[in-house]
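Have a look at the structure below, then the notes.
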Amino acid sequence: MTVTRFAPSPTGYLHVGNLRTALFNYLIARKAGGTFILRLDDTDPERSKPEFADAIQRDLEWLGLTWDRLERQSDRLERYAAATDELRERGRFYEAFETPTELDLKRKKQLNMGKPPVYDRAALDLSAAERDALRETRPGHWRFLLEHARIAWTDGILGEISIDAASVSDPVLIRGDGQVLYTLASVVDDTDMGVTHVVRGSDHVTNTATQIQIMAALGHDHPEFAHHSLLTGPAGEALSKRLGTLALKDLREQGVEPMALLSLMARLGASQPVELQDSLDGLADGFDMSHFGAAPTKFDADDLMPLTARFLSMQPYDAVGGALREAGVPDASAAAFWDAVRDNVTTRADIAVWWDICQNGAEPAIDPDDQTFVAEAMTLLPALPLAETTWAEWTQAVKSATGRKGKALFQPLRKALTGRANGPEMAKLMPHLRVIKAKG
């Protein structure tokens, strides 16, 4: 069975970069009829917060990315301790004592000598007495002893990958304060939970190489890995500084439709064009990892509102009934009102804007040159209530009385009634107008 996972750390809010990883893993599982796990990587007790864990779940639920299992790494500390015991027994785990400052000095010295900044394994040469003496002055951290051989795998996006383990520092798996780090916890969880496919950002390629060796040291095969490209801004600039404005909670508050966002993210960076879908099943059916490339992927938040508007215009009345009721539209009028405004709403909040115009009137937008014309036209407007035929009948009467035609006829009248130069088809909107301020 196909098993995937999304494993965010609850140390902040999800953003579009996180969403890309979550969505790819979700679609792989759903397309194969497999299992999608939400795993909260919360081994950092200081930075992991319950409010962020709750926010992650709210964001995924808003998007419809429902999980089959929820796991928390903080519940599995005993399992990680057992795994570290195995690694010690197999001679693949060793204690080191360098401080961050000492490690930084070593790296700078290596770089000055033209060497890669790889940990020199000095801790392996310490005697038992030296280790005991160091423990009296500082906590030790634990590193995994890499075998200096090439680590190779076939990546689902990047193709054939081969990394020389000698070019990589032995990874720290347990910090001096005893905190189990991502590299070890992820390996143990992926193997214990039967994860078959791992999709994550290309910044994790080196992590993947070391994790493959750790899995082998614990007697396990590794899952299939795929590393998607990282997102950039529309001009290729780093997106990290902008992620504060691209948190999923902020996009939700701005009125972005979930399927508009998901449709964009499911094709961003692929050779296939973005195709607006109205269901996750549709996205899963058309999802193919082989269409994605390694090049940085440009993300432009400005694309989201046009997609949201397109998505809403496609929706039948039943799909927006809740938003219409929240806006105060009576059920008897709702279907006809939606038909009138559907092509002129960008977000669901715009439904209330148009209903307010209809019920409470709009401040007329009348150009100075049109004031006399509009005043005369208003004397010809029938009394309320209006009908769908009113617009054609009224504009014909105004045309006959004033001689105006085309845009010079229609545009000033639209602006007088709605306060806007653009909007719904006036014939459909007229029956819903209850207050017309231009009549004075």
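The values are calculated or read from the model by the stated rules, or taken from the named source; none is laboratory data. Note that the structure is predicted; figures quoted are calculated from it, not measured. Cβ placement follows ideal geometry from the backbone for every residue including glycine, while neighbour counts extend to all protein chains displayed.
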Give region 391-440 a look and list any residue that's more than 15 Å from Trp355 (Cα to Cα) and in a loop (DSSP other than H, G, I, E, B), or say none. Gly403, Arg404, Lys405, Gly406, Ala421, Asn422, Gly440
Find the residue count for region 245-279, including only residues that are touching a Lys or Arg at 6+ places or on another chain (Cβ under 7 Å) and assigned to a helix (DSSP H, G or I). 1
Scan of region 427-440 for residues that are crowded, with 16+ Cβ neighbours inside 10 Å and under 16 Å from Met378 (Cβ atoms), ordered by number: Met430, Leu433, Ile436, Ala438
Considering residues that are part of a helix (DSSP H, G or I) and either at pLDDT below 95 or exposed (fewer than 15 other Cβ atoms within 10 Å of the Cβ) (or both), the number found within region 304-332 is 10
Under the condition of being under 34 Å from the mean Cα position of the chain (by Cα) and among the hydrophobic types (A, V, I, L, M, F, W, C), which residue from region 67-91 is surrounded by the most Cβ atoms within 10 Å (Cβ to Cβ)? Ala83
Among Arg143, Arg150, Arg131, the single one that is in contact with a helix residue (DSSP H, G or I) (Cβ under 9 Å, 6 or more places away or on another chain), of a type in the set (D, E, K, R) and under 16 Å from Ala216 (Cβ atoms) is Arg150
Residues of region 174-198 being under 14 Å from Thr4 (Cα atoms) and part of a helix (DSSP H, G or I), in sequence order, are Ser186, Val187, Asp189, Asp190, Thr191, Asp192
(1) buried (at least 20 other Cβ atoms within 10 Å of the Cβ); (2) within 17 Å of Leu23 (Cβ to Cβ); (3) more than 12 Å from the chain's Cα centre (by Cα): which one isn't true of Met259, the others all being true? (3)
Count - residues of region 412-426 that are crowded, with 16+ Cβ neighbours inside 10 Å and either farther than 23 Å from Ala336 by Cα or free of Cβ contacts under 8 Å to residues at least 60 places away in the same chain (or both): 7
Give region 16-59 a look and list any residue that's among the aromatic types (Phe, Trp, Tyr) and either in a helix (DSSP H, G or I) or under 18 Å from Leu246 (Cβ atoms) (or both), or say none. Phe24, Tyr26, Phe52
